[in-house]
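Here the structure comes first, spelled out in structure tokens, and everything after it is commentary.
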Amino acid sequence: MGSAITGWGEALPERIVTNDEFAARLDTSDEWIVARTGIHERRMGSTTSKLAVEAGSAALDRAGLVGADVDLVILATTTPDQAIPATSAAVHDALGCRGGAFDLNAACAGFVYALVTADALLRAGHRRALVIGSETLSRVTDQDDRSTAVLFGDGAAAIVVEAGATDDLILAYDLGVDGSATSLLYAEHGGHIHMEGREVFRRAVRTEITSIERVLADAGIGPDDVDLFVPHQANVRIIEAVNERLGLSMDKTAIVLDRTGNTSAASIPLALAEAADAGRLNDGDTVLLSGFGAGMTWASAVVRWGRRGLAR
Ligand code: ACO
């Protein structure tokens with residue numbers, strides 16, 4: 001008994017915010033933002049639940065399923081609609097799902113945490129899980145603070161994971177957190193994101209390298225065996241530094257941050273869904289996922305893409 005990814009989908013707000021829009025009212029420039037981050041534009045608007053429902057619905061369509069076929073919804077988010085209840089309850093209702101639903105907050109590592117959790121619960125008896133990353137970070141970002149405003153965006157993406165007679169979905173994973181470093185990146189209730197950018201950058205590179213080395217070793221594979229690397233989309237310079245050190249090729253790396261900015265828990269599934277839509281993934285491909293964010297959390301996983309003979 002294993003599990004397989006059988007559907008994927010994404011949702012982005014319509015409003016595009018360009019670097020020039022920030023440059024018109026803040027002491028920044030398109031040149032600075034592109035050179036330091038790789039971000040050209042990001043999307044802003046909607047709500048975390050609406051984006052999650054849209055992405056979840058698209059993933060169900062792609063899998064040829066309806067909400068009632070799903071008995072588990074996990075929503076990775078740091079920007080829930082409300083403090084109480086969990087945003088996943090509204091998503092579960094809107095999509096007509098069965099079984100349970102819960103939110104999971106592990107910041108930019110949240111989607112990989114959610115995928116690992118879903119896989120474990122499918123082994124425990126659930127049949128089909130909808131795993132969603134959805135964020136509206138523009139709501140918790142001070143739009144007048146140039147050091148954070150230009151970095152974050154809104155969006156969502158989802159995958160369907162089904163249990164059945166197939167091989168293991170996850171070949172290796174690594175979840176971690178260093179709670180002594182919470183002060184480097186946080187937002188108070190009702191407040192804005194505060195970030196020590198330079199130190200977060202340093203830790204992101206160092207931690208992702210260690211975590212990826214661990215999962216590649218556990219899976220018994222090397223960088224050349226990775227068909228697609230899907231990193232968290234915070235800053236292209238972080239991704240380039242990690243790739244250079246590990247010998248991972250940028251050609252085999254999924255990038256969406258140039259158009260989305262950092263969408264925290266939504267960033268990895270957005271890059272994954274876009275790669276799948278572009279035909280960059282084939283059944284049985286080896287995919288490496290890795291995220292790092294507030295907490296400071298991190299999560300990496302080596303997964304096998306596609307249905308891989310799963311019948312229903
Ligand atoms: N436009 C122009 N200048 C700026 C801007 C801006 N938008 N933002 C900062 N600057 C200035 C700074 O004030 C500083 O000026 P100073 O030298 O006079 O003090 C200068 O640019 C350099 O600042 P640094 O912070 O050293 O710039 P750096 O190259 O590190 O880039 C950045 C900053 C983009 C924030 C980078 O550090 C980064 O990407 N950090 C990691 C972010 C991340 O990975 N977050 C992940 C988790 S997110 C989550 O969990 C929700």
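Numbers at a glance
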quantity	calculated
Hits in the stretch 76-114 (condition: more than 16 Å from the ligand (Cβ to nearest atom) and either closer than 18 Å to P231 by Cα or among the charged types (D, E, K, R) (or both))	D81, D93, R98
Residue list for the stretch 263-284, restricted to those being crowded, with 24+ Cβ neighbours inside 10 Å and in contact with a helix residue (DSSP H, G or I) (Cβ under 7 Å, 6 or more places away or on another chain)	T263, S264, A265, S267, I268, P269, L270
Entirely in the stretch 234-307, the helices (runs of 4 or more DSSP H) that have 3 or more residues that are closer than 27 Å to G220 by Cα	236-246, 267-277
Tally of residues being over 18 Å from the mean Cα position of the chain (by Cα) and either within 16 Å of the ligand (Cβ to nearest atom) or among the small types (G, A, S) (or both) across the stretch 217-236	4
Test: residue in the stretch 244-254 that is within 19 Å of D174 (Cα to Cα), touching a strand residue (DSSP E or B) at 6+ places or on another chain (Cβ under 8 Å), modelled with pLDDT of 95 or more and not small (G, A, S)	yes
Residue in the stretch 208-216 that is under 22 Å from G284 (Cα atoms) and within 11 Å of the ligand (Cβ to nearest atom) present	no
Number of the exception - T286 against (1) within 14 Å of the chain's Cα centre (by Cα); (2) among the hydroxyl-bearing types (S, T, Y); (3) closer than 19 Å to A4 by Cα	(1)
Tally of residues being of a type in the set (S, T, Y) and within 18 Å of the chain's Cα centre (by Cα) across the stretch 147-185	1
Filter result for the condition that a residue is within 23 Å of A276 (Cβ to Cβ), touching a helix residue (DSSP H, G or I) at 6+ places or on another chain (Cβ under 8 Å) and crowded, with 24+ Cβ neighbours inside 10 Å, over L137, L130	L130
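The values are calculated or read from the model by the stated rules, or taken from the named source; none is laboratory data. For clarity, every value in this text was computed on a predicted model and none was experimentally measured. Cβ atoms come from the backbone with ideal geometry, glycine included; neighbour counts cover every protein chain shown.
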